[in-house]
Amino acid sequence: ANDEHLAKLLEGIPAWNRWRKEQPKIRPGLTGAELSGTNLQEANLEDADLSNAQLAGANLIWARLEGADLQEANLKDADLSNAQLAGANLTWARLEGADLEFADLSEARLVEASLLAAELRAADLTG
């Protein structure tokens, strides 16, 4: 992970979202970041590289993850209800027990993703 990007995220979601708005061309590099149990509710993680990130038990309610790379990410028991994951890469992601209720997964890549016991009620799986 990019240390500067990770430090900014850990400052809190208001600061992170403000930084994302001020730096729209930066693609956050959070590869392999340890974010298990972290409160990322309403975080703008659009187009972020979260491949191999540890997000088990994280709060990602209403998070913006459109186009994010979550390949091989651990999202076990994460709360992704109402999250925007359109076009996200979830190849080989672990989503066991994750709450994806009302999540937008349209055009998301779920190749070999583990969805055992995941809550998908009213999730958009178009495409």
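The values are calculated or read from the model by the stated rules, or taken from the named source; none is laboratory data. No experiment lies behind these values; they were computed from the predicted model shown. As a convention, Cβ positions derive from the backbone with ideal geometry for all residues, glycine included, and neighbour counts pool all protein chains shown. These accessible areas exclude ligands, DNA and RNA; they are computed on the full protein's heavy atoms, side chains included. Shrake-Rupley method; radii C 1.70, N 1.55, O 1.52, S 1.80 Å.
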Per residue, accessible area of the chain with a 1.4 Å probe, heavy atoms of protein chains only, in Å², comes to 49
Given a 1.4 Å probe and every protein chain left where it sits, what share in percent of the accessible area of segment 32-127 is carbon and sulfur? 45
I need the trypsin sites (Lys or Arg not before Pro) found in segment 19-127, filtered to DSSP loop residues with at most 16 other beta carbons within 10 Å of theirs. Lys25, Arg121
Candidate lysines - alpha carbon under 21 Å from Lys8, same-chain residues fewer than 8 apart omitted: Lys21, Lys25
Net charge, Gly57 excluded, C-beta distance under 9 Å - Lys, Arg +1, Asp, Glu -1: -1
So what J values fall out for segment 50-56 if you push phi through Karplus, 6.51 cos²θ - 1.76 cosθ + 1.60 with θ = phi - 60°, rounded to Hz, Gly and Pro as x? 10, 4, 6, 6, 9, 10, 4
Expressed in square angstrom to the nearest 10, the accessible area of Glu11 with a 1.4 Å probe stands at 120
For Thr38, the accessible surface traced by a 1.4 Å probe with all protein chains present amounts, in square angstrom to the nearest 10, to 30
Check each of the chymotrypsin sites (Phe, Trp or Tyr not before Pro) in segment 1-76 and keep only those in coil by DSSP with at most 11 other C-beta atoms within 10 angstrom; list them in order. none
Residue-averaged 222 nm ellipticity for the chain, from DSSP H runs of 4+ at -39500 (n - 2.57), nearest 500: -4000 deg cm²/dmol
Whole-percent pair-distance distribution, where bins are 5 Å wide, for the alpha carbons of the chain: 3, 13, 22, 30, 18, 10, 4, 0
